[in-house]
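To start, the structure itself, in structure tokens.
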Amino acid sequence: MWIPKNCRHEKFSVDKLQRNFYGKKLVFLGDSTLRGMMYQVMEQINGTLSAPKKLQAFGDFAINSNKTRVYFNYYRERQSKSTTRQIGKSWSDLWQLLKRAQPIENNRNTVLVFGGAEWMRSAHLEYLQTKLKEVEMQNIRLVFKSPSMGFWTWHSSQPRSAKPLEAVNLRKYTVDVLETARELGLDVIDTFHPTVSRYKEFRWGACACHYHSMSNANPEDSKEIHVDGPINEAVSSILLSRLSTI
């Protein structure tokens with residue numbers, strides 16, 4: 001069982017979340033696991049959620065009576081090393097997302113949450129901070145989400161699942177990149193350790209990397225959906241708790 005070490009994360013009511021996120025912009029760059037967290041965050045802030053179940057492109061949402069804006073761009077690249085081209089591409093995709101989210105306040109009212117599969121490395125984090133300073137966005141709040149077990153969860157019936165040594169290597173990579181993120185002053189959301197310890201709640205499917213699923217929340221409105229999954233809810237609540245602090 002996974003329990004946060006030496007800390008406790010408060011879970012806020014919808015009313016308090018709506019006050020905490022009044023006037024904020026939340027910008028998400030990542031894969032479908034981060035999209036699941038984003039949807040959970042939107043649902044908790046808004047009380048309800050209307051969004052496409054599978055968004056693999058740019059998304060722009062107004063929640064909290066239009067007082068909170070949320071932006072998303074789907075980005076998934078598994079990279080074995082940090083080449084100049086790979087680092088440049090991740091910034092290019094992020095810059096396109098930030099331009100769509102304009103105007104942006106260069107302060108903590110703007111929150112950038114990024115990460116997902118094994119594509120964000122230490123060199124990316126340092127390069128990201130340099131580029132944000134160049135475009136005068138160095139004061140926005142940065143939150144790095146680590147990889148979860150996802151594709152690396154081993155299962156005898158799933159040929160795409162990882163072997164134990166691959167999971168060990170992923171843990172080493174995760175620990176290293178999280179340490180770099182903390183050293184650079186970023187907020188971090190560790191989704192690796194909770195998903196390792198709760199691997200039985202992994203939901204195999206077409207994408208085969210989720211700890212959440214989507215269901216219809218309102219029989220009379222097919223667009224209103226609900227995010228299911230205790231792991232996704234836990235890490236999303238940690239993110240909301242972290243962002244609700246100064």
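We did not get these values from a lab; they are worked out from the coordinates using the rules stated. This one's a predicted model, so the numbers in the text were calculated from it and none came from an experiment. Note: ideal-geometry Cβ built from the backbone for every residue, glycine included; neighbour counts use all protein chains shown.
Taking label positions 7 Å along the Cα-Cβ direction at both S65 and V14, the computed distance is 1.3 nm, reported to one decimal. Coupling constants for region 21-31 follow from the phi torsions by the Karplus curve (6.51 cos²θ - 1.76 cosθ + 1.60, θ = phi - 60°), and in residue order they are 9, 4, x, 9, 10, 10, 10, 10, 10, x, 9 Hz; glycine and proline get x. Amide hydrogen proximity for T68: with H placed 1.01 Å from N in the peptide plane, the residues at 5 or more positions away or on another chain lying under 5 Å are G23, I63. Under 5 Å between amide hydrogens, built in the peptide plane, is the criterion, and for H210 it picks out R203 among residues at least 5 positions away or on other chains. Karplus-based coupling profile of region 96-108, in residue order and whole Hz: 4, 5, 5, 5, 5, 8, 4, x, 10, 7, 7, 7, 6, with θ = phi - 60° in 6.51 cos²θ - 1.76 cosθ + 1.60 and x standing for Gly or Pro.
Whole-Hz Karplus values for region 138-144 come out as 6, 9, 6, 7, 10, 10, 9 Hz, taken residue by residue from phi with 6.51 cos²θ - 1.76 cosθ + 1.60 and θ = phi - 60°; glycine and proline positions read x. Listed peptides 188-195, 27-34, 54-61 appear in the order 27-34, 188-195, 54-61 once ranked by packing, highest mean of other Cβ atoms within 10 Å at the front. Answer rounded, prolate or oblate for region 30-72, using the Cα gyration tensor with square roots of eigenvalues a ≥ b ≥ c: rounded when a/c is under 1.5, else prolate when a/b is larger than b/c, else oblate. Taking the square roots of the gyration eigenvalues as a ≥ b ≥ c, region 30-72 is prolate. Applying a threshold of 26 Å to the alpha-carbon distances of K24/K172; K11/K133; K16/K89; K25/K223; K145/K172; K89/K133 flags K24/K172; K11/K133; K16/K89 as lying beyond it.
Annotation: amide H-H contacts under 5 Å for Y74 (H modelled 1.01 Å from N, sequence separation of 5 or more, or interchain): A57, F58.
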